[in-house]
Amino acid sequence: MFTKKINMKVLILISGILFTSFTGFSLETDTLGTAGDDLDLYAVMELFKDSESVEDFENKLNSEKNEVNNLDINQDGNVDYIRVIDYADANSHSLTLQVPFSESEDQDIAVIEIEQTDDETTVVQIVGDEDLYGEDYIVEPNSGEDSFKDQTDNNTQVINAYKWKPIRYIYAPSYVVWVSPWRYNHYPRMYRPWRPVVWSVYFGRVHRHHVHYRRVRHHRCHNAHRYYYKHRRHSNTFHAHHKSHHNKHHHKGHGVKHGGKKGNKGVHKKKTNMNSPAPKSNAGKPTKRPGGTVKKSGGKKPKGGKH
């Protein structure tokens, strides 16, 4: 009996060591070593899929309880507010995730590209901005009730996202193109900034979403992708301090080697004004989609970034 108890304890100990080793390997191989590590695009897509509308998606993205946003690109110690802007062109939509980096600069984080090929077929992908994720970081769903073959990509099976609630909402005749009214230092009253966590903790929260999505290198929403790049916003300050470097503040102490030099700290400080009224957006006025209406942003058309 005594020997059996010892053997059981040894077995549990060995299992724990193997599990820890496996987990460490998984964390190390999944890190990008860039600022994009703090916004997992697989988790973002799952959050979008479960949203009721684009506005609801923006609210969920900026809620601590959903544990998806861990981004702090200006390094002020708080997770950044991510606003969503829909650049619509005919049957294409580009839901742009953007952080107001300072009073004068915005930085695009990623874009959810949506394209309707017929009345009941819709393709969706999320593309990470090259400043945060490198080139061609594209994520798309790999599981769903309906699918079709993409003949331009070796007949790859592609998920039809037509039945997703937010996509049905976007293509409804009554849809008003969403342009977030929030900007740097002016955020919703319900928004409460929170502290980012180290990457190993963050990835432990979001890695479960990876099973439902896959990374690809083939753009499927060609019109949405072209139209988005006419509006891409790019922060020179962010680019200078963060290109190819991970955020040192977030990852101190998690023990994962990224390679390369450590990034410098940002120069901007963000002080949130919770009680400020909704300002006019500085986003460009999106193109009107047949059957839909356009919500006026009242601001200047955004300048195209370098790409």
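The values are calculated or read from the model by the stated rules, or taken from the named source; none is laboratory data. Being a predicted model, the structure only gives us computed values, none of them experimental. Counting neighbours? That spans all protein chains shown, and the Cβs are built from the backbone with ideal geometry, glycine included.
Data table
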{"read-out": "Residues of the range 69-121 satisfying the condition of being among the β-branched types (Val, Ile, Thr) and closer than 15 Å to residue 45 by Cα", "value": "82, 84, 96, 109, 111, 112, 114"}
{"read-out": "Some residue of the range 156-168 being farther than 30 Å from residue 214 by Cα and among the β-branched types (Val, Ile, Thr)", "value": "no"}
{"read-out": "Residue check for residue 201: at pLDDT 95 or above and either surrounded by fewer than 21 Cβ atoms within 10 Å (Cβ to Cβ) or under 18 Å from the mean Cα position of the chain (by Cα) (or both)", "value": "yes"}
{"read-out": "2 or more residues of a type in the set (A, V, I, L, M, F, W, C): qualifying strands (runs of 3 or more DSSP E) within the range 125-166", "value": "138-141, 156-159"}
{"read-out": "Index of the failed condition, residue 167 passing every other in (1) crowded, with 17+ Cβ neighbours inside 10 Å; (2) in contact with a strand residue (DSSP E or B) (Cβ under 6 Å, 6 or more places away or on another chain); (3) modelled with pLDDT under 95", "value": "(3)"}
{"read-out": "Residues (surrounded by 22 or more Cβ atoms within 10 Å (Cβ to Cβ) and under 15 Å from residue 83 (Cα atoms)) located in the range 99-127", "value": "99, 100, 101, 106, 107, 108, 109, 110, 111, 112"}
{"read-out": "Checking residue 55 against (1) over 15 Å from residue 182 (Cα atoms); (2) within 16 Å of the chain's Cα centre (by Cα), the condition it does not meet", "value": "(1)"}
{"read-out": "Subset of the range 172-189 that is in a loop (DSSP other than H, G, I, E, B) and more than 21 Å from the chain's Cα centre (by Cα) - its residue that is surrounded by the most Cβ atoms within 10 Å (Cβ to Cβ)", "value": "175"}
{"read-out": "Positions within the range 114-157 being of a type in the set (A, V, I, L, M) and modelled with pLDDT of 95 or more, in sequence order", "value": "114, 123, 124, 126, 127, 138, 139"}
{"read-out": "Answer from 86, 80 - the residue that is in a strand (DSSP E or B) and either under 21 Å from residue 226 (Cα atoms) or not basic (Lys, Arg) (or both)", "value": "86"}
{"read-out": "The one condition in (1) of a type outside the set (Asp, Glu); (2) in contact with a helix residue (DSSP H, G or I) (Cβ under 7 Å, 6 or more places away or on another chain); (3) surrounded by fewer than 18 Cβ atoms within 10 Å (Cβ to Cβ) that residue 141 fails to fulfil", "value": "(3)"}
{"read-out": "First in the range 118-140 and in contact (Cβ under 8 Å) with a residue 60 or more places away in the chain and under 11 Å from residue 218 (Cα atoms), second anywhere and charged (D, E, K, R) and part of a helix (DSSP H, G or I), Cβ under 8 Å, 6 or more apart", "value": "137/130"}
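Listed here are the residues, each with its yes/no results for (1) crowded, with 23+ Cβ neighbours inside 10 Å; (2) at positive phi; (3) of a type in the set (S, T, N, Q); (4) at pLDDT below 95.
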position: 43; (1), (2), (3), (4): yes, no, no, no
position: 46; (1), (2), (3), (4): no, no, no, no
position: 54; (1), (2), (3), (4): yes, no, no, no
position: 66; (1), (2), (3), (4): no, no, yes, no
position: 69; (1), (2), (3), (4): yes, no, yes, no
position: 75; (1), (2), (3), (4): yes, yes, yes, yes
position: 87; (1), (2), (3), (4): yes, no, no, no
position: 92; (1), (2), (3), (4): no, no, yes, no
